[in-house]
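Asks: Quick one: the structure is below, questions incoming.
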Amino acid sequence: MTPLPLSRAFTLIEPGPVVLVTTHDGTRANIMTITWTMVRGFDASFALTTGPWNHSWHALCEARECVLAIPTADMIDTVVGIGMCSGADTDKFERFDLTPLRAHHVGAPLIGECLANIECRVEEIVERLDLVLLKGVAAHIDPDREDKRLLHAVGDGTFTADGERFDRSEAMRAKLPAGL
């Protein structure tokens, strides 16, 4: 083993797949790319890291709802492009040719091109940690989507994508919630 600068340690533990978070401020929808997300439990509880530096922050705080849209690896350039411009001066749905679909429980739209979308309500915002705690209220998936590989941000401008799956569900059955 060789030393790794501690400032790069975070690149070894990525928290979850990259998501596109949609919000609606009462006037128009916006999308932001979030690379630090996590599942908080089997009950559709999630967390993401963001703050006032993102244009969507105010809509997230005011409306207290959003959609977590799950892009796939074939969308990497769109995901990066969304993250590199601001909703303050860009209609990201139009610029990136994405289809906003009406959600069933929240005002923020689903993204038609994504593999899945999770409608969420904000449970709590922990400002000192830049942490938003979310509760899923509905989920949607496109089972016909050809590419199902999720993107993972390493944190240094590089990404990885899911590859081979290893199924150990039977060995773990006693620890999994009923129905999985």
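Asks: Got a number for residues in segment 123-180 being at pLDDT below 85, of a type in the set (A, V, I, L, M, F, W, C) and within 25 Å of THR11 (Cα to Cα)?
Replies: 2
Asks: Among the numbered criteria (1) open to solvent by 50 Å² or more (accessible area, probe 1.4 Å); (2) touching a residue at least 40 places away in the same chain (Cβ under 8 Å); (3) touching a strand residue (DSSP E or B) at 6+ places or on another chain (Cβ under 6 Å), which one does GLU127 miss?
Replies: Here GLU127 meets the rest and fails (3).
Asks: I'm trying to understand the selection: among the residues of segment 156-180, which are of a type outside the set (Val, Ile, Thr) and in contact with a Leu (Cβ under 9 Å, 6 or more places away or on another chain)?
Replies: PHE159, ALA161, ASP162, SER169, ARG173
Asks: So which residues in segment 109-124 are surrounded by fewer than 20 Cβ atoms within 10 Å (Cβ to Cβ) and among the charged types (D, E, K, R)?
Replies: Matches in segment 109-124: GLU113, ARG121, GLU123, GLU124.
Asks: Working only within segment 26-50, note down all residues that are under 17 Å from LYS135 (Cα atoms) and open to solvent by less than 50 Å² (accessible area, probe 1.4 Å).
Replies: ILE34, THR37, GLY41, ALA44, SER45, PHE46, ALA47, LEU48, THR49, THR50
Asks: Within the set of pairs 6 or more residues apart or between chains, which connect a residue that is aromatic (Phe, Trp, Tyr) inside segment 43-62 to a residue that is part of a loop (DSSP other than H, G, I, E, B) with Cβ atoms less than 8 Å apart?
Replies: As it stands, the answer is TRP57/THR50; TRP57/GLY51, since those pairs meet every condition given.
Asks: In segment 51-73, how many are closer than 20 Å to PRO100 by Cβ, open to solvent by less than 10 Å² (accessible area, probe 1.4 Å) and assigned to a loop (DSSP other than H, G, I, E, B)?
Replies: 2
Asks: Right, VAL106: closer than 21 Å to GLY157 by Cα and either surrounded by 18 or more Cβ atoms within 10 Å (Cβ to Cβ) or touching a Gly at 6+ places or on another chain (Cβ under 8 Å) (or both) or not?
Replies: Taking the combined requirement at face value, the residue does not satisfy it.
Asks: Scanning for something polar (S, T, N, Q), more than 17 Å from HIS24 (Cα to Cα) and in contact with a Ser or Thr (Cβ under 9 Å, 6 or more places away or on another chain), does segment 49-58 turn up at least one residue?
Replies: Yes, segment 49-58 contains at least one residue that is polar (S, T, N, Q), more than 17 Å from HIS24 (Cα to Cα) and in contact with a Ser or Thr (Cβ under 9 Å, 6 or more places away or on another chain).
Asks: Next up: Sort out which residues of segment 135-165 are without any contact (Cβ under 8 Å) to a residue 40 or more places away in the chain, open to solvent by less than 70 Å² (accessible area, probe 1.4 Å) and acidic (Asp, Glu), and write them in order of number.
Replies: Hit for segment 135-165 is ASP142, nothing else.
Let's see how each residue does on (1) among the charged types (D, E, K, R); (2) within 14 Å of the chain's Cα centre (by Cα); (3) within 15 Å of PRO71 (Cα to Cα):
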residue	(1), (2), (3)
ASP91	yes, no, no
GLU94	yes, no, no
ILE118	no, yes, yes
GLU127	yes, no, no
ASP142	yes, no, yes
PHE166	no, no, no
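Asks: Moving to a separate point now. Within segment 39-50, track down each residue that is in contact with a Leu (Cβ under 8 Å, 6 or more places away or on another chain) and in a strand (DSSP E or B).
Replies: ARG40, SER45, PHE46, ALA47, LEU48, THR49
The values are calculated or read from the model by the stated rules, or taken from the named source; none is laboratory data. Fair warning: this is a prediction, and the values are worked out from it, not measured in the lab. Don't worry about glycine lacking a Cβ; one is built from the backbone with ideal geometry, like all the others, and counts go over all protein chains shown. All accessible areas refer to the heavy atoms of the entire protein, side chains included, with ligands and DNA or RNA removed. Shrake-Rupley method; radii C 1.70, N 1.55, O 1.52, S 1.80 Å.
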